[in-house]
Amino acid sequence: MTVESLNRQRVLHLLDAFARGDIEAALACCTDDVDFLTHAPIDVLPHLGPRHGKQELRELWRTVQTRYSETRHEVPQLVAEGNTVAAYLRVFFRKRSNDRVVQFDMAVFYTFRGGQVAQIREIIDSYDLVQQVLEREIGPLIAGVRVDEG
Amino acid sequence: MTEHSLWRFSRALHRAINDRHFEDIEALIDEDVEWALYGPIDMFPFLGARQGKDAVLDVIRQLADNFQVRRFDRESIMLGVDSAASMLRYSLTALDSNKPISLRVAQFAQFKAGKLTSMRVLIDTFDLVEQALGRAIHLPKMTGVG
């Protein structure tokens, strides 16, 4: 089996572990110094700030778990080369607060070291994500209406 | 060793956007191509999903009408047999305002017989909108949700 095939399986294993809520199994796929970064507005979504090491990543994933009762994903495209894998994901998170589903696409780039994920970089259509999380159009804000004014 | 389709496509795309030379890119797009640049289409009409070569060429012409690529750096790239994924850092100029725009972009491409059959692009669109507006969008911190 090639290193690319192995790494593809490792990514799918990590994603499946996260989807079934087994954060420790997902973290076991990562190096102790795993480095995580999502390109998203962290002033609006502060828990999506950079994370370094398993403990910080555990806190992030637990935060997601406390907010969403169900997470699932589809993988329309997975590209692997050497020690890197890029996954195009369609994810579905069900909010605990009202059962609504947040659905968005994301690009995740994994870098492996010694068979474990050492770096995770994510890009999300963040404007759409914020609107879905907020359950409100941002457009009126741009026209000068404050969000808390309804 | 033949050149990966991504490199030809990438060169042709940048030539189309910067020089308005569309002949090369036209030859590298499959008739049934699926294309999606995810983002707020009400603000940026060239974003959204398209199907078919003509629709995609129209989007590329709109990109050329709106932007000049000043620089791009591939931060990460993976090449499969007929596929490619890359994370790029683009420095653009918005032609209507002459404003610089800096974007990080994830690009997933699939090719068949050297022609593009699928392109999915994700952008940190909240950042894009703020740059286009020239100011921050003030929202409450979502510490209990999201």
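The values are calculated or read from the model by the stated rules, or taken from the named source; none is laboratory data. Being a predicted model, the structure only gives us computed values, none of them experimental. Cβ sites come from the backbone with ideal geometry, for glycine too, and all protein chains shown count toward neighbours. Ligands, DNA and RNA are excluded from the accessible area calculation, which covers all protein heavy atoms including side chains. Shrake-Rupley method; radii C 1.70, N 1.55, O 1.52, S 1.80 Å.
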Exercise. B plus A alone minus the pair: what accessible area, both sides summed, probe 1.4 Å, in Å² to 100?
Worked result: 3400
Exercise. In degrees, nearest 10, range 0 to 90: what is the angle between the Cα axis of helix B:53-66 and the longest Cα principal axis of chain B?
Worked result: 50
Exercise. Based on the mean of other beta carbon atoms within 10 Å per residue, what is the order of A:103-111, A:70-78, A:11-19, B:130-138, most packed first?
Worked result: A:103-111, A:11-19, A:70-78, B:130-138
Problem set entry | Carbon + sulfur, % of accessible area of chain B - ligands and nucleic acids excluded, 1.4 Å | 49
For this session: Could you work out, residue by residue across B:102-111, how many beta carbons of other chains sit within 10 Å of that residue's beta carbon, and then give the average as an integer?
Result: 4
Problem set entry | DSSP bridge pairs, the protein assembly as shown: antiparallel proportion in percent, nearest 5 | 85
Exercise. Which angle from 0 to 90°, rounded to the nearest 10, does the C-alpha axis of helix A:53-67 make with the longest principal axis of chain A?
Worked result: 40
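For peptide A:104-110, compute the average count of partner chain beta-carbon atoms within 10 Å of each residue's beta-carbon.
Working: counts 2, 6, 3, 13, 2, 8, 2.
That works out to 5 on average.
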Problem set entry | Inter-chain Cβ neighbour average for residues B:35-43, partner chain, 10 Å | 3
For this session: Using only Cα atoms, tell me the angle between helix B:5-19 and the longest principal axis of chain B; keep it within 0 to 90° and round to the nearest 10.
Result: 60
Seminar exercise, completed: The percentage of the accessible area of chain A (probe 1.4 Å, all protein chains present) made up of carbon and sulfur atoms, to the nearest whole number, is 47
